[in-house]
Amino acid sequence: MNYFGQTHLGQTRACQRANHLLVTPDTFVRAPLPGMRNATAIVHAAPRLGARFIQYSAEFEKDGELGHTIMQRFIYVLDGSLRITVGESQNDLHPGEYVYFPAYGRHFIVALEPTRALVIEKPYDHLVGQLAPTFSIGAVDAVPAKPLLGDPAVQVRPLIPESQSFDFAVNAMTFELGASLPMVESHVMEHGLFMLSGGGIYRLGDCWHPVAAGDFIWMAPYCPQWFCAVGKTPAQYLIYKDWNRHAD
């Protein structure tokens, strides 16, 4: 039955608790961020949630632009293509390709066609004795996969160089059907997770959530967490965590 144009009667898988957030595509609200032109953002996590980073999906029209930031910025292209300009250098990014910009670095981002991309921004936490990281670019398929704790059914691809210069990590995780994390994890790092494909069941705190492609999850420090892939296709997600720094 349809009441006033509504067919779901307030039902959604989206859920917020003190130690986690699940946001599903049916609840996404789009709004432009300062400096955006012909583009809009779906902000998934931000400091007002309790996160110490910002993560959003950016949706560009052709020739759309992303504004400047003094924070570190990581961009992963979901579909479409972006042109990245740093100084005199230009690179085009396509689906599955990504770029890291260091804090305070000037760069320009323009969509060559309608494009969706994931964006992570974080203030840089300098580590004494380490040089600040530099601009880098890559493609997920070019990163060698590593089995998680020896399990070939769960593959990890680190997209950020494994150097203590970096204060966060972004990994692409792939789970074969029926594969799962080997234990319920609870740790000091927080996470921002975007489901790229497939689906499964995510335990977050005391809740068990069905998750699917397009979902976003924020996990606070020490939130108990566990995932198992279910469905008809392998599950893949992109996951952020703070890394290489003392907890404070």
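The values are calculated or read from the model by the stated rules, or taken from the named source; none is laboratory data. Every value quoted in this text rests on a predicted model; they were computed, and no experiment measured them. Methodologically, a virtual Cβ is constructed for each residue, glycine included, from the backbone with ideal geometry; neighbour enumeration extends over all protein chains shown. We work out accessible area using only protein heavy atoms, side chains counted, and drop any ligands, DNA or RNA first. Shrake-Rupley method; radii C 1.70, N 1.55, O 1.52, S 1.80 Å.
Here are a few things to note about the model shown:
- Only a single item in (1) open to solvent by 10 Å² or more (accessible area, probe 1.4 Å); (2) touching a helix residue (DSSP H, G or I) at 6+ places or on another chain (Cβ under 8 Å); (3) of a type in the set (D, E, K, R) is not met by Asp206, and it is number (2).
- Within the range 122-175, the set of residues being hydrophobic (A, V, I, L, M, F, W, C) and at positive phi comprises Leu149 only.
- Here the strands (runs of 3 or more DSSP E) wholly within the range 1-116 that include at least 1 residues being out of contact with any Asp or Glu (no Cβ under 7 Å at 6 or more places or on another chain) and open to solvent by less than 10 Å² (accessible area, probe 1.4 Å) are 20-23, 37-45, 54-65, 72-79, 82-86, 89-93, 97-101.
- For the range 213-240, the candidate set comprises residues that are open to solvent by 40 Å² or more (accessible area, probe 1.4 Å), in contact with a strand residue (DSSP E or B) (Cβ under 7 Å, 6 or more places away or on another chain) and not hydroxyl-bearing (Ser, Thr, Tyr); within that set, the residue that is farthest from Glu162 (Cα to Cα) is Gly231.
- Subset of the range 131-149 that is open to solvent by 60 Å² or more (accessible area, probe 1.4 Å) and farther than 28 Å from Glu65 by Cβ - its residue that is modelled with the lowest pLDDT: Leu131
- Within the option set Phe175, Phe194, Phe166, Phe216, being hydrophobic (A, V, I, L, M, F, W, C), within 16 Å of the chain's Cα centre (by Cα) and closer than 24 Å to Ala142 by Cα holds for one residue only, Phe194.
- Test: residue in the range 171-194 that is surrounded by fewer than 16 Cβ atoms within 10 Å (Cβ to Cβ), outside any strand (DSSP E or B), modelled with pLDDT of 95 or more and of a type in the set (Val, Ile, Thr): yes
- Some residue of the range 15-25 being in contact with a Pro (Cβ under 7 Å, 6 or more places away or on another chain) and within 21 Å of Ala220 (Cα to Cα): no
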